[in-house]
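The values are calculated or read from the model by the stated rules, or taken from the named source; none is laboratory data. Computed from a prediction, not measured in an experiment: that's the story for all the values here. Note that we place each Cβ from the backbone using ideal geometry, even for glycine, and neighbour counts take in every protein chain shown.
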Amino acid sequence: MTVGFGTANGESLAVALQRACPDIGLHPEHDGDLDFLRGLYASVRAPELAPIDWSEQRKREFTDAQFALQGSHYREHYPGAEFLVVEHAGVPIGRFYLCRFAHEIRVMDIALVEARRNAGIGTRLMRALLGVADAEGRSVTLHVEPDNPAQHLYRRLGFALIEPRGVYDFLGRPLPVTASATRASPDR
């Protein structure tokens, strides 16, 4: 069951994250972002496609088609999700796709342009999200490839393997004990 865009006090995740990271811009994606987002998706998939003997045009056609399929899948299976474009100084540098469910927040995707990777931006956004989740009494879950370097970040942030799911690991970061106890308290 999806709770929708509002946090417990009615604000979107984007607003809550923006408050925690005021120097990182976030806005809901719109049609004007599609060229950037397609290019970002292609850059994320580039290492995987590098050994394949296809022309650059064929690789781009493939990633454009995969981007469209992924977008359709997300919109079908994650109603109420927030599809956010990450910005720095007004320039798009990434995407952060999130969906709030009754007891969890799912990170559907987080990706940054290559020049902004490993600069702490993803870590700051994830820490801010964990703070929102703790305040709302929700766990955080995500899928990630077993060999993705982001696995190290997720482990440092307290995520653990829930189960392998095909080509992805399904990870979760449960509520800290104090947040779990607060949510379960009959007086609240």
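Side notes on the structure shown:
- Of all residues in the stretch 169-188, none satisfies the criterion of being in a strand (DSSP E or B) and modelled with pLDDT under 95.
- Residues of the stretch 67-78 satisfying the condition of being out of contact with any helix residue (DSSP H, G or I) (no Cβ under 7 Å at 6 or more places or on another chain) and surrounded by 13 or more Cβ atoms within 10 Å (Cβ to Cβ): 68, 70, 71, 74, 78
- For the condition touching a Cys at 6+ places or on another chain (Cβ under 9 Å), closer than 24 Å to residue 19 by Cα, among the hydrophobic types (A, V, I, L, M, F, W, C) and surrounded by 15 or more Cβ atoms within 10 Å (Cβ to Cβ), residue 128 qualifies.
- Residue count for the stretch 106-140, restricted to those that are closer than 18 Å to residue 78 by Cα and of a type in the set (Asp, Glu): 1.
- Residue that is loosely packed, with under 15 Cβ neighbours inside 10 Å and in contact (Cβ under 8 Å) with a residue 60 or more places away in the chain, where the choices are 32, 90: 90
- Residue count for the stretch 134-155 satisfying the condition of being of a type in the set (D, E, K, R) and in contact (Cβ under 8 Å) with a residue 24 or more places away in the chain: 4.
- Residues of the stretch 110-152 satisfying the condition of being assigned to a helix (DSSP H, G or I), in contact with a strand residue (DSSP E or B) (Cβ under 9 Å, 6 or more places away or on another chain) and among the β-branched types (Val, Ile, Thr): 121, 132
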